[in-house]
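K.L.:
Have a look at this one.
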Amino acid sequence: MMTRYFHFIYFISLLTFLPACSGNYQQEASVDAKPQVASQDTAVEPAEETKPAEEAEKAASQDNSEVQKKLEFARSYLELAQKGVAGYSQTVAICRSVIKDYPGTEYECQAKEILAQVPEDLRSQFHITDEELEL
């Protein structure tokens, strides 16, 4: 009985204190604060602009690594399912999300190849159609 109470109090304290420690909150500005104005004597240089092409490239590389991780997870779940350790539901869910999020890419083709490795007798259980696999 005591351990349940302890775990409950510990959980509540985490919910209460951790958001304040994470640094994701903003401090409110005081009412007395005056805006800082640059004097006319000093030249204000514009902030260095970030190039949109670099940002798009960085986002694309993050997307690529994310989808590659998803496909690796799908392959891992497929291997586990083929060994009888796990079911095929995680594999099917991950592959369908990749197909939905990245249509017309090489990742879609890879996800369909993984889906095609689900045994035919189990495809009806997950409503996997030949049109979805493009067979």
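The values are calculated or read from the model by the stated rules, or taken from the named source; none is laboratory data. Fair warning: this is a prediction, and the values are worked out from it, not measured in the lab. With ideal geometry, Cβ positions are generated from the backbone for all residues, glycine too; neighbour counts draw on all protein chains shown.
K.L.:
What's the total number of residues in the range 93-126 that are part of a loop (DSSP other than H, G, I, E, B) and among the aromatic types (F, W, Y)?
P.N.:
Here is the first cut: in the range 93-126, the residues part of a loop (DSSP other than H, G, I, E, B) are 102-105, 117-119, 124-126.
Next, only the ones that are among the aromatic types (F, W, Y) stay: 102, 126.
Total meeting the criteria: 2.
K.L.:
Now, a different point. I'd like the residue in the range 50-92 that is loosely packed, with under 11 Cβ neighbours inside 10 Å and not in a helix (DSSP H, G or I) and, out of all such residues, is modelled with the lowest pLDDT.
P.N.:
By that ranking, first place goes to T50.
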